[in-house]
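The values are calculated or read from the model by the stated rules, or taken from the named source; none is laboratory data. All figures in this text were calculated on a predicted structure; none of them were measured in a lab. Because the Cβ atoms are built from the backbone with ideal geometry, glycine has one as well, and the counts that use them run over all protein chains shown. For accessibility, only protein heavy atoms count, side chains too; no ligands or nucleic acids. Shrake-Rupley method; radii C 1.70, N 1.55, O 1.52, S 1.80 Å.
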Amino acid sequence: MCGIVGIIGQAPVSERLLEALKRLEYRGYDSAGIATVGGDGALTRRRAEGKLGNLSARLEAEPLAGNIGIGHTRWATHGGPTETNAHPHMTSRVAVVQNGIIENFKALREELAADGYEPQSETDTEVVPLLVTRELARGATPQKAVETVLAKLNGAFALALIFSGEQSLMIAACRGAPIAVGHGDTETYLGSDAMALAPFTNRVTFLEDGDWAVLEGSKISLFDRANQPVKRAVITTQASGLLADKGNHRHFMLKEIHEQPETVGHTLAHYVDLASETVRLRETLPIDFADMPRLTISACGTAYYAGLVAKYWFERYARLPVDVDVASEFRYREPPMEKGGMALFISQSGETADTLAALRYCAGAGQHIASLLNVTESTIGRESDVVFPTLCGAEIGVASTKAFTSQLTALAALAVAAGKARGTISAGEEAELVRALAGLPGLMHDALRAEKQTEDIARQMARASDVLYLGRGQMFPLALEGALKLKEISYIHAEGYAAGELKHGPIALIEEDLPVIVVAPSDDLMEKTLSNMQEVAARGGSIVLITDEEGANQAGDSAAEVITVPTVHNMLAPIVCALPVQLLAYHTAVHMGTDVDQPRNLAKSVTVE
Ligand code: F6R
């Protein structure tokens, strides 16, 4: 998703803006640009299609002077990913970068056209510099011009603006998309997240929804939606100043897959006490699990699949009824909600627009708001009554891997805590489950030994045009996750199905050599899944079975390939089985030669609906 950076500096800024944009690359983008106010007071910009390397080359050929500037990585929404549509958008008076969508841009364009202001691009954003320019031409100060224009804009967005003739003035606004002000000793910064600001400062103020900021050198004035002066806290962020690097790995995704024994270990250390073999929640729930009539989970994509697995856990182990929805559907369904329930939002970024909107709906419907987040200093985090962290470190690969397994680990601990509170899990069972959780990092490490085998299987999968994934019970969401992972990074069409649904339609798709990935560790459902495998094999499908040793013995020779993962407590099998599922997608994508870490059309942090 689009990224914004800004610097009011004491020295030339264009190189540092480019560096800061590199730290936002993980969000996904398809063009980029920078604008500065030079020593002569004039605004100048450089923009380029594609990756930041193109912008860097452009800047090398035609450097940008100036101690104040804004930069942007654009993920196209309105208008293709061309240089003309790239930000900053500007007139001779003002340059603007935007993250989000200005929903009423068409009406505003018509209004501007009537006054002779014509856009050069197809973007929604360009109405902002044109509107501000019209206000400036009418004699407004930059601050008054922005105040007037903000009142005209509908949508969810963040903005940063600089002005010709103004060597130390920058204005920013937060309307539903995140933006943070960074406080330096003599400089001031802006960024879409704390990661972008980390090399400059760890003292950060997150603007709240509706806020806007006037930055004049290091003087910072904040206003709320009603244009009243407000104060917001300066926090010390934990975001690392080190530019994330791939280490010895070819891609961030592969590095993140391999980090999982460690990241799950980190997550576990937060949620369980190994000495007493108990789950220990450091966060105080807004309502006790024992009194909770229902838990409503909303999330998107991979985080939604983590929520689906958790539904099986909360219902089975804690007898707590759970509704799970994709956030984009939930909010528009307008479900009735009994007051006093708890709603849980799962998100790696904490900025996903649909998840945030679902949160706000639930808050309005009298629910206690809990979230499970990797970026706890995010908008969702700030709007939650309680935040459970996943603690897996910055996830850079666009395809979520380590965040997923850390989400599952934290959710497993929460389900055990819920079971304990509701009297459905005894102290002995809790100890058994905590021991099983504690064993996860070691077993995940062993599961990664299947990598060579997944690489070989992936060579075959890379020739397929369709792949099916099947799973039953708590492995069904993993089938969905496997299909999503393969689609998003290899661009091969894939579908995940509940194994029992196969004969209700999808079986028609089975033909000679169609790869069918079955995720089925040995459990009380394995027998039934084996029957489904027979149905696939009888029709020529080529089965790759992901199972444990006992499952491999049970399956006999019905599978063309068996990937054997270590045996683990039944509840935790989705966490261990996630690793070969991720590796299969990763190696298939590598065989296909796609851009694994930044797949086409995708964004890491989806801040538009
Ligand atoms: C898939 C993936 C996405 C995200 C989804 C939610 O690999 O990464 O499906 O899971 O966009 O993002 P967050 O978790 O940031 O809310």
To the nearest 10 square angstrom, what accessible area does residue 387 show with a 1.4 Å probe?
40
Can you pull out the trypsin sites (Lys or Arg not before Pro) in the stretch 400-482 whose DSSP state is coil and whose Cβ has at most 12 other Cβ atoms within 10 Å?
463
Hey, got the dipole for the stretch 188-234? About the Cα centre, +1 on K and R Cβ, -1 on D and E Cβ, debye to the nearest 20?
180
Within the chain, which DSSP H helices have Cα atoms that stretch 27 Å or more along the helix axis and a mean Kyte-Doolittle hydropathy of at least -0.5?
402-421, 573-592
From Cα pairs below 8 angstrom and at least 6 apart in sequence, can you work out the relative contact order of the chain, rounded to a whole percent?
12
Which is farthest toward the positive dipole end of the chain among 406, 347, 590, measuring Cα position about the Cα centre, with Cβ charges +1 (Lys, Arg) and -1 (Asp, Glu)?
347
Projecting the Cα atoms of 363, 454, 516 onto the charge dipole of the chain, where Lys and Arg contribute +1 and Asp and Glu -1 at Cβ, the residue farthest towards the positive end is 363
With contacts defined as alpha carbon pairs under 8 Å and 6 or more residues apart, what's the relative contact order of the stretch 480-609 in percent?
28
Amide H neighbours of residue 175 under 5 Å, at least 5 residues apart or on other chains, H built in the peptide plane: list them.
157, 158, 159, 210
Listed residue (101, 11, 38) projecting farthest to the positive dipole end of the stretch 3-248, Cβ model
11
The relative contact order of the stretch 3-248, taking Cα pairs under 8 Å that sit 6 or more residues apart, comes to a percentage of 19
If every Lys and Arg gets +1 and every Asp and Glu gets -1 at its Cβ, then about the Cα centre the chain yields a dipole, in debye to the nearest 20, of 1100
Does the stretch 445-592 come out rounded, prolate or oblate by the C-alpha gyration tensor, with a ≥ b ≥ c the root eigenvalues, rounded set by a/c under 1.5 and, if not, prolate when a/b is larger than b/c and oblate if not?
rounded
Quick check: with the 1.4 Å probe, what order do 212, 75 take by accessible area, largest first?
75, 212
Once label points are set 7 Å from the Cα along Cα→Cβ at both residue 438 and residue 104, what is their separation, rounded to one decimal in nm?
6.0
List the GluC sites (Glu not before Pro) within the stretch 254-309 that fall in a DSSP loop (any state other than H, G, I, E or B) and whose Cβ has at most 16 other Cβ atoms within 10 Å.
283
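Given axes a ≥ b ≥ c from the Cα gyration tensor, I'd like to know whether the chain is rounded (a/c under 1.5), prolate (a/b larger than b/c) or oblate.
It is prolate, given that a/c is not under 1.5 and a/b is the larger ratio.
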What is the distance in Å between the Cα centres of the stretch 509-573 and the stretch 197-224?
54
With only helices counted (DSSP H, runs n ≥ 4, each -39500 (n - 2.57)), the per-residue ellipticity at 222 nm for the chain, to the nearest 500, works out to -11000 deg cm²/dmol
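Pull out a ≥ b ≥ c, the square roots of the eigenvalues of the alpha-carbon gyration tensor of the stretch 255-438, then state rounded if a/c is under 1.5, prolate if not and a/b is larger than b/c, and oblate in the remaining case.
Oblate, since a/c reaches 1.5 and b/c is not below a/b.
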Charge tally for neighbours of residue 12 with beta carbon under 13 Å away, counting Lys, Arg as +1 and Asp, Glu as -1, is -2
Kindly sort 22, 528, 231 by accessible area of their heavy atoms, largest first, with the probe set to 1.4 Å.
231, 528, 22
Note down the magnitude of the dipole of the stretch 392-544 about its Cα centre, charges +1 on Lys and Arg C-beta and -1 on Asp and Glu C-beta and zero elsewhere, to the nearest 20 debye.
260
On average, how much accessible surface per residue is there in the chain, in Å², for a 1.4 Å probe, leaving out ligands, DNA and RNA?
37
